[in-house]
Amino acid sequence: KIKNSGQVLLNLINDVLDLTRIENGKLELEESDIDLTALVKDMETLFLPSVEQKGIALTIWQEVADPYVHCDEGKLQRILVNIINNAVKFTPAGGKIIFFVTEVPENDGTSEYGFRIQDTGIGISKEFQEHLFEPFTQENHNARSTYNGTGLGMAIVKNLLDKMGGTI
């Protein structure tokens, strides 16, 4: 219990520090060439034990012709981990998560890549969606004790995507 509590506190501190760096413009991108196929495999490896333990089906669907992209791999991993972690956290046993990765070639020889995580979790009401990316907000106040959330994950995702020129 002490080890788990310590990890929860460490994650909370790291989230607050990350959000502070982002909001103060101190976050720098470290771009390099990466292999999306390997990144997606890493996500599967990371989440497979938790989805199996909860009895959730995880499906990965990729439609990518050129898996090599230039981006900040660490920030992209952080975005995907936060979103997939929410899907695992809020999807009950017997549910499913589908992780889609797509590539849409552009006319200028580049491509736009998309990531979509679909789940059969508890969902988000239309009314709350406009507040989803605000720090320390959660739709249901009981969710904090039930799902151990801080309401920082989606705020971090939004800010990282803004910094990287992406959308959510």
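The values are calculated or read from the model by the stated rules, or taken from the named source; none is laboratory data. Predicted, not measured: the structure shown is a model, and the values here were computed from it. Don't worry about glycine lacking a Cβ; one is built from the backbone with ideal geometry, like all the others, and counts go over all protein chains shown. Ligands, DNA and RNA are excluded from the accessible area calculation, which covers all protein heavy atoms including side chains. Shrake-Rupley method; radii C 1.70, N 1.55, O 1.52, S 1.80 Å.
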The one condition Leu17 fails out of (1) open to solvent by less than 70 Å² (accessible area, probe 1.4 Å); (2) under 20 Å from Leu160 (Cα atoms) is (1)
Given the conditions (1) open to solvent by less than 100 Å² (accessible area, probe 1.4 Å); (2) closer than 18 Å to Val81 by Cα; (3) more than 16 Å from the chain's Cα centre (by Cα), every one holds for Glu52 apart from (1)
In the range 63-79, anything under 30 Å from Gly94 (Cβ atoms), touching an Asp or Glu at 6+ places or on another chain (Cβ under 9 Å) and surrounded by 14 or more Cβ atoms within 10 Å (Cβ to Cβ) is listed as Val64, Gln77, Arg78
Restricting the range 71-125 to residues that are among the basic types (Lys, Arg) and modelled with pLDDT under 95, the one nearest to Glu31 (Cα to Cα) turns out to be Lys75
